[in-house]
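These notes are about the structure you will find just below.
The values are calculated or read from the model by the stated rules, or taken from the named source; none is laboratory data. Just so it is clear, the structure is predicted and the values come from calculations on it, not from any experiment. Every residue, glycine as well, gets a Cβ built from its backbone with ideal geometry; the counts of neighbours run over all protein chains shown. Surface accessibility is based on the protein's heavy atoms, side chains included, excluding ligands, DNA and RNA. Shrake-Rupley method; radii C 1.70, N 1.55, O 1.52, S 1.80 Å.
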Amino acid sequence: MTAPEPSPPPVRRDWRAFWRQVQRLPVTLMLASVLAGLGIVQLTFQLGNLVYRSVTWSGETRQTQQRIRDLERDLRVLREAEQAAFDPAYLEILARCQGFVGAEEKVVVSPRAPDTPSENCNTLRLP
């Protein structure tokens, strides 16, 4: 059996070491303040970026929804035109707009008649 090792001497705190720690305290506080400032700058940037994305995405969403409404309206107009293409009454109206007359009708031309027949008809814009 060997003898137990002696315990280390008690650590005596020197006033100079304590004073050095107290002198380092302002440096530590300045470093903490700088890190807190950087955190605030980063948080401000992140919040600004979030607001910017929210505003731009909301605007793009509204534009896309408007475009969808326009396309749905165009689709409805095209479907109505497709259905009307098989309606004899609608085809007769279109023929009259282009200046055609029936086989048993008499043509009467006014001297003040317009050069284009579009004034007699409602034009429909097809998309």
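Any residue that is surrounded by fewer than 10 Cβ atoms within 10 Å (Cβ to Cβ) and closer than 30 Å to Cys121 by Cβ - is there at least one of those in the stretch 87-97?
Looking through the stretch 87-97, at least one residue is surrounded by fewer than 10 Cβ atoms within 10 Å (Cβ to Cβ) and closer than 30 Å to Cys121 by Cβ.
What number of residues within the stretch 85-97 are assigned to a helix (DSSP H, G or I) and either modelled with pLDDT of 85 or more or not small (Gly, Ala, Ser) (or both)?
9
Check the stretch 25-34 and report whether any residue there is without any contact (Cβ under 8 Å) to a residue 24 or more places away in the chain, surrounded by fewer than 10 Cβ atoms within 10 Å (Cβ to Cβ) and of a type in the set (Val, Ile, Thr).
yes
Go through the stretch 98-127 and give me each residue that's open to solvent by 60 Å² or more (accessible area, probe 1.4 Å), of a type in the set (Gly, Ala, Ser) and at pLDDT 80 or above.
Once the filter is applied, which keeps residues that are open to solvent by 60 Å² or more (accessible area, probe 1.4 Å), of a type in the set (Gly, Ala, Ser) and at pLDDT 80 or above, the stretch 98-127 yields only Ala103.
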